[in-house]
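These notes concern the structure reproduced below.
The values are calculated or read from the model by the stated rules, or taken from the named source; none is laboratory data. What you see is a predicted model; the values in this text were computed from it and never measured. Ideal geometry is used to build each Cβ from the backbone, glycine not excepted, and the neighbour counts take in all protein chains shown.
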Amino acid sequence: MLLVALLPVCLLAQVKVTFKTGKLPVTKGANLFLAGDFNNWTPADKSWQLVADASGGYSLVKEFNTGSINLKVTKGSWETAECDADGKPVGNHTYQINRDTTIVLDIVAWQDNFKAAEKKHTASANVQLMAPKFNIPQLGRQRRIWIYLPADYKTSRKRYPVIYMHDGQNLFDEYVSGYGEWGVDEALDSLPAKKQCIIVGIDNGGGQRISEYDPYDSKYGGKGRGDDYVDFLAKTLKPYVDSAYRTQKAAKYTTVAGSSMGGLISMYAVLKYPDVFGNAGIFSPAFWIAPEIFTYADKNLNKKSRFYFECGDAESALMTTDMQKMADLARSKGIDIKNAPTLIIKGAKHNERQWRSAFPAFYEWLGGR
């Protein structure tokens, strides 16, 4: 009986990790931060700020549950993150944490010490700027919105399914992307026109992104405005798109999709408005930041809804387990595996490269209604 009683305590035991800088380029008195899967990749999270120590370097002590962690070091923004000797982005530092340990972080160079690489516009001819400043009355803000129209849109009288996607900066055009683009337009351009649909991309709000994509308050984004954002999608944006373009308005032809925080808010959108959004692409969802979503899903999952769950097994300790938990919950409500497939990609990390690779399979599944 004693062993049984102690088991939960053991499973929840944390280990102490000491982070120390090793090789370090000139920092000019800058503040250094850790950004990783443990703080939603926030580049200037003060609770993860490294502190200057007597050795001339920086250090930070934190407690973790055992498992893997992924991180980068920044000087407060992704434009000032660590990079390689040629100024190119480096991969994540990945560590397996099993016991108290010290991690030495060797940093080669800082991104802002190099001239920014020249970017090119890569959006295809089927991508248009729907609005440079579309009003979001629910949030009291404006946002740039993109739209992809099928190749035969102008020459046909057809009505088309619509996919609403978050983080619009990263969908079509490398020039405006922060971390690379999904290549959504190239994926659809490669298909016959009859298989293409309308895609609406809503830019994120930068520093407001976490708040807008989270239905609940958190220490990372502050007050959650996800309810307001989802209300905007359902009550303002979709009615406008349906009136201005030839769409198939029914829920079964209307999809919402996104990654990370965008995966979280896509899940919430379908739970809150199952009669508006019939399908969701849930890529690497940040369910960990909003555990309340599981209770909400348990009460509100509609067995007619369809979900495509996808993530990589090299993202974080909680990513695969949380996503599988949500997928299992969907199936417990009568949504079979055909309508809630769950893909875990070996070696895939939390980045646009993964989601670009995953999008074509998601789109093919979506078309098999």
**Prompt:** Consider K304 against the criteria (1) touching a helix residue (DSSP H, G or I) at 6+ places or on another chain (Cβ under 9 Å); (2) buried (at least 23 other Cβ atoms within 10 Å of the Cβ): it satisfies all of them except one. Which criterion is unmet?
**Reply:** (2)
**Request:** Within the range 106-134, track down each residue that is touching a residue at least 60 places away in the same chain (Cβ under 8 Å) and in contact with a strand residue (DSSP E or B) (Cβ under 6 Å, 6 or more places away or on another chain).
**Result:** I107, A109, N126, M130, F134
**Prompt:** Which members of the range 26-57 meet the condition of being within 15 Å of A81 (Cβ to Cβ) and either of a type in the set (A, V, I, L, M) or assigned to a strand (DSSP E or B) (or both)?
**Reply:** A30, L32, F33, L34, A35, G36, A44, Q49, L50
**Request:** For residues that are of a type in the set (D, E, K, R) and either in contact with a helix residue (DSSP H, G or I) (Cβ under 7 Å, 6 or more places away or on another chain) or closer than 30 Å to A30 by Cβ (or both), scanning just the range 111-143, find the one that is modelled with the lowest pLDDT.
**Result:** E118
**Fill in**
Taking the range 45-83 and keeping residues without any contact (Cβ under 8 Å) to a residue 24 or more places away in the chain and of a type in the set (A, V, I, L, M, F, W, C) leaves W48, V51, A52, A54
**Request:** Scan the range 298-319 for residues that are of a type in the set (D, E, K, R) and part of a loop (DSSP other than H, G, I, E, B) and report the count.
**Result:** 4
**Asked** Of the residues that make up the range 71-85, is at least one modelled with pLDDT of 95 or more and among the hydrophobic types (A, V, I, L, M, F, W, C)?
**Response** yes
**Request:** Identify all residues within the range 264-297 that are aromatic (F, W, Y) and in a loop (DSSP other than H, G, I, E, B); write none if there are none.
**Result:** Y273, F277
**Request:** Could you list all residues from the range 322-351 that are of a type in the set (D, E) and surrounded by fewer than 19 Cβ atoms within 10 Å (Cβ to Cβ)?
**Result:** D328, D336
**For S177: the one exception among (1) within 19 Å of the chain's Cα centre (by Cα); (2) at pLDDT 95 or above; (3) of a type in the set (S, T, N, Q)** = (2)
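Against the condition in contact with a strand residue (DSSP E or B) (Cβ under 8 Å, 6 or more places away or on another chain), modelled with pLDDT under 95 and not assigned by TED's automatic domain parsing to the domain that holds S68, how does E310 come out, does it pass?
Spelling it out, it is not the case that E310 is in contact with a strand residue (DSSP E or B) (Cβ under 8 Å, 6 or more places away or on another chain), modelled with pLDDT under 95 and not assigned by TED's automatic domain parsing to the domain that holds S68.
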**Request:** Identify, from the list I163, I107, I103, the residue that is hydrophobic (A, V, I, L, M, F, W, C) and within 22 Å of the chain's Cα centre (by Cα).
**Result:** I163
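Can you tell which of K46, K62, K133 is loosely packed, with under 11 Cβ neighbours inside 10 Å, over 23 Å from L171 (Cβ atoms) and out of contact with any Asp or Glu (no Cβ under 9 Å at 6 or more places or on another chain)?
Numbers: K62 fails: loosely packed, with under 11 Cβ neighbours inside 10 Å; K133 fails: over 23 Å from L171 (Cβ atoms).
Matching residue, one of K46, K62, K133: K46.
Does L105 qualify as being at pLDDT 90 or above, touching a Lys or Arg at 6+ places or on another chain (Cβ under 8 Å) and surrounded by 16 or more Cβ atoms within 10 Å (Cβ to Cβ)?
Yes; evaluated as a whole, the condition is true for this residue.
Residues checked against (1) under 20 Å from K325 (Cβ atoms); (2) among the basic types (K, R); (3) outside the structural domain of V230 (by TED's automatic domain parsing); (4) under 12 Å from the mean Cα position of the chain (by Cα):
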{"position": "Y240", "(1), (2), (3), (4)": "no, no, no, no"}
{"position": "S243", "(1), (2), (3), (4)": "no, no, no, no"}
{"position": "A250", "(1), (2), (3), (4)": "no, no, no, no"}
{"position": "T255", "(1), (2), (3), (4)": "no, no, no, no"}
{"position": "Y268", "(1), (2), (3), (4)": "yes, no, no, no"}
{"position": "V276", "(1), (2), (3), (4)": "no, no, no, no"}
{"position": "G281", "(1), (2), (3), (4)": "yes, no, no, yes"}
{"position": "I293", "(1), (2), (3), (4)": "yes, no, no, no"}
**Request:** Look through R143, R157, R99 and report the one residue that is in a loop (DSSP other than H, G, I, E, B), assigned by TED's automatic domain parsing to the domain that holds G263, of a type in the set (K, R) and touching a residue at least 12 places away in the same chain (Cβ under 8 Å).
**Result:** R157
**Prompt:** Which residues, taken from the range 188-203, are buried (at least 20 other Cβ atoms within 10 Å of the Cβ) and either aliphatic (A, V, I, L, M) or farther than 23 Å from A131 by Cβ (or both)?
**Reply:** L188, I198, I199, V200, I202
**Prompt:** Out of the range 164-176, which residues are under 24 Å from A269 (Cα atoms) and either of a type outside the set (A, V, I, L, M, F, W, C) or surrounded by fewer than 24 Cβ atoms within 10 Å (Cβ to Cβ) (or both)?
**Reply:** Y164, H166, D167, G168, Q169, N170
